[in-house]
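Written out below as structure tokens is the structure these notes cover.
FYI, it's all coordinate maths here, none of it is from the lab. Because the structure is predicted, anything quoted here is derived from the model rather than measured. Ideal geometry is used to build each Cβ from the backbone, glycine not excepted, and the neighbour counts take in all protein chains shown.
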Amino acid sequence: MSKPIISPSLLSANFLNLQKDLEIINKSEADWLHIDIMDGVFVPNISFGFPVLQYVAQACTKPLDVHLMIVQPEKFIKEVKGLGSMMMNVHYETCTHLHRVIQQIKDAGMQAGVTLNPATPVCVLKDIITELDMVLLMSVNPGFGGQKFIPQTLNKVKELRALIEETGAHALIEVDGGVNLETGKLLVEAGADALVAGNAVFKAPDMLQMISDLKNL
């Protein structure tokens, strides 16, 4: 069994000293850097905008895993691509014409991901799963870091894995919210490919060791 992809979440970093945290991520076994862009409309919080992220992109040597928690994410495909992003992830709940948005992301030269909120069932992706590079399952309600893991997510991972195998899709399964060594182990066992970890990484006494421990679950 291959090791999980680890994508530390920038939302939990020290915003006053991002460069220091990014240097640690660069040296670590992390595979990607997860970036949550929030608009205060779709989610009850605002994170960071593209002027800040331009500097983050310059300082980070890991592929960028960009998660847009915003309404009308298709308006920002050009800006996300401008960061040099590997993955652009949009919420199912915010895209009226999801298939079109997925195609626009791919046409821009990025991989396309779709995120599902905790209350959104996996079955909504049945007709589009073969078009996706990744599905991100939220294991907390989006908007804030440090929330408690929703156990039902484990069943959703298994259900999504079954859908991927049934359709012959190649989408990775990523999970975000309340991920630590305990929940991460359960998620990997359930079939998750990638783990987004915020507080577990950036609040750890030794970030490098925590990332290594998550990588070796």
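See the values below:
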| read-out | value |
| --- | --- |
| Among the residues listed as ALA197, ALA190, the single one being under 17 Å from the mean Cα position of the chain (by Cα), of a type in the set (Gly, Ala, Ser) and surrounded by 15 or more Cβ atoms within 10 Å (Cβ to Cβ) | ALA197 |
| All positions within region 2-41 that are of a type in the set (D, E, K, R), surrounded by fewer than 17 Cβ atoms within 10 Å (Cβ to Cβ) and within 14 Å of THR61 (Cβ to Cβ) | GLU23, LYS27, GLU29 |
| The listed residue being over 17 Å from the mean Cα position of the chain (by Cα), surrounded by fewer than 19 Cβ atoms within 10 Å (Cβ to Cβ), part of a loop (DSSP other than H, G, I, E, B) and on the phi < 0 side of the Ramachandran plot, out of PRO118, PRO44 | PRO44 |
| Inter-residue pairs, beta-carbon under 6 Å, first of a type in the set (Val, Ile, Thr) and in region 17-30, second assigned to a helix (DSSP H, G or I), 6+ apart | ILE24/MET207 |
| Subset of region 47-95 (residues that are assigned to a loop (DSSP other than H, G, I, E, B) and of a type in the set (Phe, Trp, Tyr)) | PHE48 |
| Filter pass, ALA204 being closer than 25 Å to ILE25 by Cβ, free of Cβ contacts under 8 Å to residues at least 12 places away in the same chain and hydrophobic (A, V, I, L, M, F, W, C) | yes |
| Search result, residues across region 56-98 that are under 16 Å from VAL124 (Cα atoms) and touching a helix residue (DSSP H, G or I) at 6+ places or on another chain (Cβ under 7 Å) | VAL90, TYR92, THR94, CYS95, LEU98 |
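Conditions (1) in contact (Cβ under 8 Å) with a residue 24 or more places away in the chain; (2) touching a Gly at 6+ places or on another chain (Cβ under 6 Å); (3) within 27 Å of PHE76 (Cβ to Cβ), marked per residue:
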residue: ASN141; (1), (2), (3): yes, no, yes
residue: GLY145; (1), (2), (3): yes, yes, yes
residue: LEU154; (1), (2), (3): yes, no, no
residue: GLY168; (1), (2), (3): yes, no, no
residue: ALA171; (1), (2), (3): yes, no, yes
residue: LYS185; (1), (2), (3): yes, no, no
residue: GLU189; (1), (2), (3): no, no, no
